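*Asks:* Structure in structure tokens, see below.
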Amino acid sequence: MKGEQTSIPTSKVQRATRFLKTGAKVGGNYIKHYSKKMFDAELSRDQLDNDNAEDIYDSLSELKGSALKVAQMLSMDKNVLPTAYQDKFAMSQYSAPPLSYPLVVQTFRKYLGKSPEDLFDTFTKEAVNAASIGQVHKATRDGKTLAVKIQYPGVADSISSDLKIVRPIAARMFKISTAELEQYIGEVESKLIEETDYSLELKRSMEITGLCGHLEGIEFPTYYPELSSDRILVMDWINGLHIKEWLATNPSQEQKNEIGQRLWDFYDFQIHTLKQVHADPHPGNFMITDSGKLGIIDFGCVKEIPEDFYEQYFKLMKDDVLNPDYNLKDLFFELGFLSDKDTEKEKAFYLDIFTEMIELLGRPFRSKTFDFGDDTYFKQIFEVGDRVSKMKEIRNSKTARGNRHGLYINRTYFGLYNLLNELKAKVITSH
Amino acid sequence: MEKAAKKKTTKRSLSAAAIMKAYKKHLLTEGSQPASVFVFMEQLNEEEEEFYKYFSSFEAIDAELWKSFAERTIKAIKTDKAYDGYGAREKMLAFLFTLVEVLRKDRSYVKLTFKRPDKPELVPAWLKDFKKAFDNFSMEVIEEGIGSEEIIKRPILSERYHDGLWLQILFIISFWLRDTSKGFERTDAAIEKSANLSFELMGRGPLDLLFDFGKFLYQNK
């Protein structure tokens, strides 16, 4: 039993109090900050952010299911979060409290009619890894090592009620306007519900890994439909190191570039050719295998890109959009960055900001190669993100700007940029 | 002579199992018990006294059916390969999960007969044998838990642990009967959480430390 969390906050009420506690504590940290500041003017905002991140992390790490997923999502969007939160949240991607073994057996009996002992040669009684809405056990069968992902019962049911709780608190905690949050959460909710359907994940995993099979230097696990069901997913176990661990082994710059290039090509192919993309580029989903390949797992979150959105969105990344004579305004209207309800002053204001952001974020697309190890580039992104999120006009804006479909695409690119930055990789971005 | 004996055995074909089956069928199709044992046996073309060879009343059949739920559950978990390796908490969890599986096959019957007792200390006649079987099981588990120190022996209280587990099982059955989620997933969660709670309460907790500390202060004042 050791190591398994014994008291899981369960009901909605308990979860709510858990969140309220965080809210209160965050408030407390601000008070602490300002009272300290009266004596010590040097105290930086970083210290404050650290305190807050810790409290928020402590609370969220005791939750599982969709609340944890929201934490993950927010930790991905680095420009929403101050730097201090990120490492903490990144940790939430690796650990959640496990389920008891009898419940694992029960789930197998219910969905496959057999115990794990009957299906596998060996099966670990304790989870070796936690996914956000389930846990992973290691098993062997016919000489193969397998990863068996099992979903927590009742997750699908609890998503909507969880998000209702997260909504107001997230709005305050992460300074997102209500309108923006609505759009965000609506899309997240539908994606989360999809993620609880392991049969769908199985289908997509097999489809995408099949179509990407020709990409060099990438390894996908084989999936086992006959051992999987709505709540159980069985695939090959991929041996290897997570990116952080791999970097700790001091790989050469060439090796880092190579891994970075594979990552970029994998996403490039999905987005431009398949028009559906593995939209969960968090570090836990990638491994560097012993033979130096890039292993990719977890196709729970796949975003299909509608054709008309694709056209508009990638126009933004083209070279010519930044020419002074290009009609960016119309494109912004199409993408919902600008609205008819805006006053002339607002239009001018947003046009400026979005042009700046597009120049910045699209920069890798406008050159042949791009050095993602360039920290000044990322500092610039954070600086702009930070400045924009502090603008009165934006914080008070009731209009949500941007396109629903953009959320996951942006998230994918943020995740990808961050991974490449972590790798310090130099990548050929246009072929 | 031989022929007569044979005739006698075919006449005695109505077994306890057949009566139970016929009774259950009547209950499920009519939604209530037969008006009397007489009416019930007449429908089966049998003498009333045949019934009393096995059962004293319809309630006795219910008791027998419920007892069989518990027995089937215990038999199923004990044949599971993983069971011997379980600790006390896992054994109880396995029992509860399997019980719900067993009951699922007879959900309509359970729904018709199961009424949570108004006063928890009173156990209705039809549930007595089920309780006895469960108590035997839970006391065995508690004993083992005490041995492995998963459960703490406390004066007076530890004699009553199995009563707490009994209330828990009543809660779970009624939760399951009200559960509308797909595949009764919420019941799985309820079992996991309530069993974790009860084992947490039976294990060493802050109250024990508080009590211990109080005793220490008292002895040393």
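The values are calculated or read from the model by the stated rules, or taken from the named source; none is laboratory data. This is a predicted model, so every value here is computed, not measured. Using ideal geometry, Cβ is built from the backbone for each residue, glycine included, and neighbour counts are taken over all protein chains shown.
*Asks:* Does any residue of the stretch A:381-402 turn out to be among the hydroxyl-bearing types (S, T, Y) and either at pLDDT 70 or above or touching a strand residue (DSSP E or B) at 6+ places or on another chain (Cβ under 9 Å) (or both)?
*Replies:* The answer is no; no qualifying residue exists.
*Asks:* Filter the stretch B:66-97 down to the residues that are free of Cβ contacts under 8 Å to residues at least 24 places away in the same chain and more than 14 Å from chain A (Cβ to nearest Cβ), then identify the one that is nearest to B:G31 (Cα to Cα).
*Replies:* Filtering first and then ranking leaves B:S68.
*Asks:* Within the stretch B:162-190, can you find the residues that are over 19 Å from B:M139 (Cα atoms), among the β-branched types (V, I, T) and touching a residue at least 40 places away in the same chain (Cβ under 8 Å)?
*Replies:* Result: B:I173, B:T187.
*Asks:* Now for a different question. Just checking, which of B:F51, B:F58 is more than 18 Å from B:L167 (Cβ to Cβ), touching a Pro at 6+ places or on another chain (Cβ under 8 Å) and away from chain A (no Cβ under 14 Å)?
*Replies:* B:F58
*Asks:* Hey, can you tell me all the residues within the stretch B:151-192 that are within 14 Å of chain A (Cβ to nearest Cβ) and at positive phi?
*Replies:* Across the stretch B:151-192, the qualifying residues are B:G183, B:F184.
Residues are listed down the side, and each one gets a yes or a no for (1) within 13 Å of chain B (Cβ to nearest Cβ); (2) modelled with pLDDT under 70; (3) in contact with a helix residue (DSSP H, G or I) (Cβ under 7 Å, 6 or more places away or on another chain); (4) closer than 24 Å to A:M287 by Cβ:
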residue	(1), (2), (3), (4)
A:S92	no, yes, yes, yes
A:A130	no, no, no, yes
A:T145	no, no, no, yes
A:D157	yes, no, yes, no
A:A179	no, yes, no, no
A:Y184	no, yes, yes, no
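*Asks:* Quick one: count up the residues across the stretch A:210-245 that are touching a strand residue (DSSP E or B) at 6+ places or on another chain (Cβ under 9 Å), among the small types (G, A, S) and over 25 Å from A:G415 (Cα atoms).
*Replies:* Here the count works out to 1.
*Asks:* Going residue by residue through the stretch B:199-206, is there one that turns out to be under 14 Å from B:G87 (Cα atoms), in contact (Cβ under 8 Å) with a residue 40 or more places away in the chain, in contact with an Asp or Glu (Cβ under 7 Å, 6 or more places away or on another chain) and not aromatic (F, W, Y)?
*Replies:* yes
*Asks:* Just the residues that are closer than 17 Å to A:I409 by Cα and either surrounded by fewer than 15 Cβ atoms within 10 Å (Cβ to Cβ) or at pLDDT 80 or above (or both), please, taken from the stretch A:335-356.
*Replies:* If the condition is that a residue be closer than 17 Å to A:I409 by Cα and either surrounded by fewer than 15 Cβ atoms within 10 Å (Cβ to Cβ) or at pLDDT 80 or above (or both), then A:F354 is the only one that fits.
*Asks:* Before we move on, is B:L165 surrounded by fewer than 19 Cβ atoms within 10 Å (Cβ to Cβ), among the aliphatic types (A, V, I, L, M) and in a helix (DSSP H, G or I)?
*Replies:* It is false that B:L165 is surrounded by fewer than 19 Cβ atoms within 10 Å (Cβ to Cβ), among the aliphatic types (A, V, I, L, M) and in a helix (DSSP H, G or I).
*Asks:* Against the conditions (1) touching a His at 6+ places or on another chain (Cβ under 9 Å); (2) surrounded by fewer than 19 Cβ atoms within 10 Å (Cβ to Cβ), where does B:P155 fall short? Just the number, please.
*Replies:* It is condition (1) that B:P155 fails.
*Asks:* Identify, from the list B:V141, B:V100, the residue that is more than 11 Å from chain A (Cβ to nearest Cβ) and buried (at least 18 other Cβ atoms within 10 Å of the Cβ).
*Replies:* B:V141
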